Amino acid sequence: MIHFSGIAKQHGPQVLFRDASFQILPGSRCGLVGPNGAGKTSIFRLIMGEEEFDAGEITKARNVVCGYFSQDVGAMSGRSALAEVMSASEAVTKLGLEIQEMEIAMGEPLEEDEMSNLLARYGNVQAEFEHRGGYDLESRAQIILTGLGIGPENYNHPVETFSGGWKMRIALAKILSINPDVLLLDEPTNHLDVESIIWLEEWLQNSYTGALLMTSHDREFMNRVVTRIVEVANRTITTYGGNYDFYLREREIRREQLLASHRRQQEMLSKEEDFIARFAARASHASQVQSRIKKIDKIERIEIPPEQRNIKFDFAEPPRSGDDVVKLDALGKVWPLPDGGVKSVFGGITGTIRRTEKIAVVGVNGAGKSTFLKVLAGQADPSTGSLNLGANVYPGYFSQHAMDILQPQKTVLETVQDAMPQAHLGTLRNLCAAFLFQGDDIYKRIEKLSGGEKSRVVLATMLVQPLNLLILDEPTNHLDIQSRETLLNALQNFSGTVVLVSHDRHFLRCLVNRVLEIDHGQMRIYNGSYEYYLEKSGREHCAA
């Protein structure tokens, strides 16, 4: 369907690919992985013709339609949400109009040859219209919007009234609705809650029949959707048959095999070079020496690619709090409405958060999870009831808005140094490296960082402070898989208490030992792991 053959691509002095090849086959499900800056986005852009390659060849099957979802959604205005989604299918709409025009023409008297040509054209256009889902375009757009969390009551809302995160969902719905032959998705789960992620999984598995190439920082999503991994790293492209977990295991096996081959080759070369050095001056061995020189000159040397470093940082032990960290008594929160009424977010919450617990707050989108964390962190006052912190409790709160308090002109190193003013430079560098700021990256100014990089800076500065209650609202947003593993490892080893909201199911499975579910304003408490919650709540079929 799409074939990359011997592709070379360079950005300035940086070589992305050298003689790289791979193919996207009909119906295949491929996950695109690799370190930041390796060239994953360039793969998408090369397929779409938005970038040029320096050498090689990219071939596409005739009439292949590609749909590309990127994090740059562009401007949206002047339409309702539903109309915006349907606008992506302009070509399908034109086919429908063409069918109508041809049906009118068929009712007119025509020469036999003209009628024959018209009928042939009509059959081709009708087949293409049906293939593109023209007959159910509007209903399909509605199903996709609803699945992504924008229900019928919001179909006709002006698209400019939606926030940036909701516009991303509309942009994703546009790409899905055109039913392309090849679907290119760059981080489709960003800004989606668990319910929408699960819907997207099922849609890709059961409703979409074309080929898929995608990147995702959601490990579990990758495992459930893809059956093939395309790795972009070390100036080449390598494919693995299997999901993401298989790729991690297979990559390690291949690396061990490469190391063994490299070791054997080095031993052989060492013996040959030793023979050449010993007998180079002896005329009696001249022919043998020359033969061995030619032999080793022809050998293709095995190169060991640099290993991606996973740096761990030993965080200081937080001060010990009392056993009862937070006591909640009939806690409730309402928000005022423009008409003078109020909207109840949650109410009647009574319970105790205990020391060392790792708690997930879950619930459907809009249930009040973030509001609950704000009240817990003292960022919002409760409307009813009370909340009392226990003895020696020092809370820290992370939200997506926490990035706004960073000072734009400061560097990463200066920002971390502010949080650890007594630390040595080596300690600061290790902390930065643990959150994937290595080498000159520590001198980047905050204003130049991406959203994910800013998140890592805030989390790094939080985890080195003497805090023993971490309240985290979507800490994994914008973080790549390696960054999420770094944060997961830090929180697993954190001896204080953690209360968090996250849509990353792998993260929750590996960390949580208690779950609080907000449902229709009430809270249910599950004293067990995330798996225990799924089983007891009857939601295991949604995340299985």
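Figures for the structure shown
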read-out: Subset of region 389-428 [more than 29 Å from the chain's Cα centre (by Cα), buried (at least 17 other Cβ atoms within 10 Å of the Cβ) and touching a residue at least 60 places away in the same chain (Cβ under 8 Å)]; value: L389, G390, V393
read-out: T497 in the same structural domain as P408 (by TED's automatic domain parsing) and within 23 Å of Y244 (Cβ to Cβ); value: no
read-out: Residue satisfying all of: in region 432-480; among the β-branched types (V, I, T) and part of a loop (DSSP other than H, G, I, E, B); nearest to S216 (Cα to Cα) among these; value: T476
read-out: Flag for N179 being surrounded by 17 or more Cβ atoms within 10 Å (Cβ to Cβ) and either without any contact (Cβ under 8 Å) to a residue 60 or more places away in the chain or in contact with a Gly (Cβ under 7 Å, 6 or more places away or on another chain) (or both); value: yes
read-out: Candidates D339, D381 - the one that is in the same structural domain as L534 (by TED's automatic domain parsing), more than 36 Å from the chain's Cα centre (by Cα) and either of a type in the set (G, A, S) or over 28 Å from L487 (Cβ atoms) (or both); value: D339
read-out: Candidate set from region 306-341 (those that are aliphatic (A, V, I, L, M) and not in a strand (DSSP E or B)); member that is modelled with the highest pLDDT; value: L337
read-out: Any chance I58 is at pLDDT 90 or above, among the aliphatic types (A, V, I, L, M), within 15 Å of M1 (Cβ to Cβ) and not in a strand (DSSP E or B); value: no
read-out: Single condition Q100 does not satisfy, out of (1) part of a helix (DSSP H, G or I); (2) among the polar types (S, T, N, Q); (3) touching a residue at least 12 places away in the same chain (Cβ under 8 Å); value: (3)
read-out: Subset tally (residues that are basic (K, R) and not in a helix (DSSP H, G or I)) for region 270-301; value: 2
read-out: Any hit, region 220-232, residues being within 23 Å of G27 (Cβ to Cβ) and either assigned to a loop (DSSP other than H, G, I, E, B) or without any contact (Cβ under 8 Å) to a residue 12 or more places away in the chain (or both); value: yes
read-out: Sole residue being in contact (Cβ under 8 Å) with a residue 60 or more places away in the chain, out of contact with any Lys or Arg (no Cβ under 7 Å at 6 or more places or on another chain) and either assigned to a strand (DSSP E or B) or surrounded by 12 or more Cβ atoms within 10 Å (Cβ to Cβ) (or both), chosen from G385, G347, G378; value: G347
read-out: The listed residue being within 19 Å of the chain's Cα centre (by Cα) and farther than 30 Å from V326 by Cα, out of I481, I446; value: I481
read-out: Some residue of region 393-406 being under 29 Å from R509 (Cα atoms), touching a Leu at 6+ places or on another chain (Cβ under 6 Å) and assigned to a loop (DSSP other than H, G, I, E, B); value: yes
read-out: Checklist (1) in a helix (DSSP H, G or I); (2) within 22 Å of L436 (Cα to Cα) applied to L534, failing item; value: (2)
read-out: Residues within region 240-273 that are surrounded by 14 or more Cβ atoms within 10 Å (Cβ to Cβ) and of a type in the set (S, T, N, Q), tallied; value: 2
read-out: Exclusive hit being surrounded by 13 or more Cβ atoms within 10 Å (Cβ to Cβ) and either charged (D, E, K, R) or at pLDDT 90 or above (or both), set R228, R278; value: R228
read-out: Residue under evaluation T415, criteria (1) at positive phi; (2) touching a Leu at 6+ places or on another chain (Cβ under 8 Å), criterion not met; value: (1)
read-out: Which listed residue is aliphatic (A, V, I, L, M) and touching a Ser or Thr at 6+ places or on another chain (Cβ under 7 Å), from I170, I197; value: I197
read-out: Some residue of region 239-259 being over 30 Å from L213 (Cβ atoms), part of a helix (DSSP H, G or I) and without any contact (Cβ under 8 Å) to a residue 40 or more places away in the chain; value: no
read-out: Condition met for Q71 (surrounded by 14 or more Cβ atoms within 10 Å (Cβ to Cβ), closer than 23 Å to L204 by Cβ and modelled with pLDDT of 90 or more); value: no
read-out: Residues that are part of a helix (DSSP H, G or I) and either surrounded by 14 or more Cβ atoms within 10 Å (Cβ to Cβ) or touching a Leu at 6+ places or on another chain (Cβ under 6 Å) (or both), drawn from region 106-116; value: M115
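The values are calculated or read from the model by the stated rules, or taken from the named source; none is laboratory data. Everything numeric in this text was worked out from a predicted model, so none of it was measured. As a convention, Cβ positions derive from the backbone with ideal geometry for all residues, glycine included, and neighbour counts pool all protein chains shown.
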